[in-house]
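Colleague: Take this structure, written in structure tokens, and hold onto it; I'll ask about it next.
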Amino acid sequence: MRERSRVTIENIDTRTPTGECPNCKLNVAFDHVSRRDVWPALKDRPFGAARSSADFNGTSPSASPDTRPKDDVFRVVEHILACQSCKKTAVVHQHWGPDLPTGDDHDAIATAIKQRASKPRLLLLVHPRRSAQTLDPTAPQEVRDLFSEGTRCQEAGALRAAAAMYRAAVEELCKDRGTTGRNLKEKIADLTNKGVPADVVRDLDEARTLGNWSLHDGLAFSYEEVDDVASLIQEAVFIVYVQPEQRAALRAARQQRRDRARTGA
């Protein structure tokens, strides 16, 4: 990913934000190490003197609006946070955009535009990079490669591309299992004739429909919806590939124990 993901950090513009540390995975308080604009231009945003009334720019809210620096409506603010538990740092980018009123009040919208009103729209984790999900090594390499590419697309925010790759991974799985049919829907359904449980077949068909709806119908799905399909594929791979190998290994171990008992070894 330039592998970035959405994160939730409470009170990000204070000296001690809180949230889940991407390093130790605990819910913690962070020390706010630094804050600066990184786009469209570099600009430091140091905190003001330690006082509860300091606003985002480190200036008092009572200061005259004319004396405050004018900010770009679209901007990216970089925050470096240090976990108070594991002491490791995390870098997040806060994306700002227009803060426009809802409804048809054109005067209010015009005023907001004139005043360059903006608000945080998105918070993305830049570092540490989250590892792409992978499938168990017992799955065919082609299936694993397509799935891994899908997870990289997903974490980069390219959700339609992720849906396409997950669909391709399922198609490759069907090819590996030797299913037949006029289209992918029929090939997935034929997995039942290969001993794959019906509920697993339904799960794999979810990946097919997600890919079709994303690519052919232009539907946009949320990160969570796409991530759920990735989890369904992982579960299916466990049942189709991992579980049989585990059972075969246990059968072999039992046979080996019996053979040793027979020979007195």
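What follows is calculated from the coordinates using simple rules that are stated; it is not laboratory data. Remember, it's a predicted structure, so these values are computed and weren't measured experimentally. Please note: Cβ atoms are built from the backbone with ideal geometry, for glycine as well, and neighbour counts cover all protein chains shown.
Colleague: With each pseudo-label sitting 7 Å past Cα toward Cβ, what's the V33-T16 distance in nm, one decimal?
Modeller: That separation, rounded to one decimal, is 2.0 nm.
Colleague: Just to confirm my numbers, what's the Cα centroid distance between the stretch 188-204 and the stretch 96-120 in Å?
Modeller: The stretch 188-204 and the stretch 96-120 have Cα centres spaced 51 Å from each other.
Colleague: While we're on this one: Out of G157, Q133, F147, whose Cα points farthest toward the positive end of the dipole of the stretch 117-162 (charges: +1 Lys, Arg; -1 Asp, Glu; placed on Cβ)?
Modeller: The Cα lying farthest towards the positive end belongs to G157.
Colleague: Select from L122, L146, L204 the residue whose mean-square fluctuation is largest in a Gaussian network model of the chain (Cα-Cα springs shorter than 10 Å).
Modeller: Checking each option, the largest mean-square fluctuation is seen for L122.
Colleague: Quick one: grab the alpha carbon gyration tensor of the stretch 119-177, order the square roots of its eigenvalues as a ≥ b ≥ c, and give me rounded if a/c is under 1.5, else prolate or oblate depending on whether a/b is larger than b/c. Write down the numbers at each step before the final one.
Modeller: Values: a/c = 5.06, a/b = 2.05, b/c = 2.47.
Note, shape of the stretch 119-177 comes out oblate.
Colleague: Please report, in debye to the nearest 20, how large the charge dipole of the stretch 132-265 is about its Cα centre when each Lys and Arg carries +1 at its beta carbon and each Asp and Glu carries -1 there. Can you show the working numbers first?
Modeller: Values: 19 positive and 22 negative charges, 219 e Å.
Rounded to the nearest 20 debye, it is 1060 debye.
Colleague: Identify which of R167, R144, R121 has the largest mean-square fluctuation in a Gaussian network model of the chain, with springs joining Cα atoms closer than 10 Å.
Modeller: Between R167, R144, R121, it is R121 that shows the largest mean-square fluctuation.
Colleague: Give the lysines reachable from K185 as a straight Cα distance under 28 Å; neighbours fewer than 8 places away on the same chain don't count.
Modeller: Leaving aside lysines fewer than 8 places away in the same chain, those within reach of K185 are K175, K194.
Colleague: Using per-residue counts of other Cβ atoms within 10 Å, averaged over each peptide, order 82-95, 147-160 from highest down. Walk me through the intermediate numbers first.
Modeller: Working: 82-95: 16.6, 147-160: 20.4.
The most tightly packed comes first, giving 147-160, 82-95.
Colleague: Something else about it: Using Cα-Cα distances under 8 Å and only pairs 6 or more residues apart, what relative contact order does the chain have, in percent? Please list the in-between numbers first.
Modeller: Details: 407 pairs, mean separation 39.7, N = 265.
The normalised contact order for the chain reaches 15 percent.
Colleague: So, one more: Which FRET efficiency value, to the nearest 0.05, is calculated for D72 and T209 with the Förster distance at 45 angstrom and r the Cβ-Cβ distance? Could the numbers behind the result be given before it?
Modeller: Values: r = 41 Å, r/R0 = 0.91.
In this case the efficiency is close to 0.65.
Colleague: What residues from the stretch 10-29 fall in the zone where the backbone N is under 17 Å from a label point 7 Å along the Cα-to-C-beta line of C86?
Modeller: Once the point is set 7 Å along Cα→Cβ of C86, 18-29 turn out to lie under 17 Å by backbone N, inside the stretch 10-29.
Colleague: Using only Cα atoms, find the angle between the long axis of helix 223-237 and the longest principal axis of the chain, and express it within 0 to 90 degrees, rounded to the nearest 10.
Modeller: Roughly 20 degrees, rounded to the nearest 10.
Colleague: I would also like to ask the following. Based on the Kirkwood radius over alpha-carbon pairs, what is the Stokes-Einstein translational diffusion coefficient of the chain at 10 °C with 1.306 mPa s viscosity, in µm²/s? Don't skip to the end; give the middle numbers.
Modeller: Numbers: Rh = 22.5 Å.
Taking Rh from Cα pairs, D becomes 70 µm²/s.
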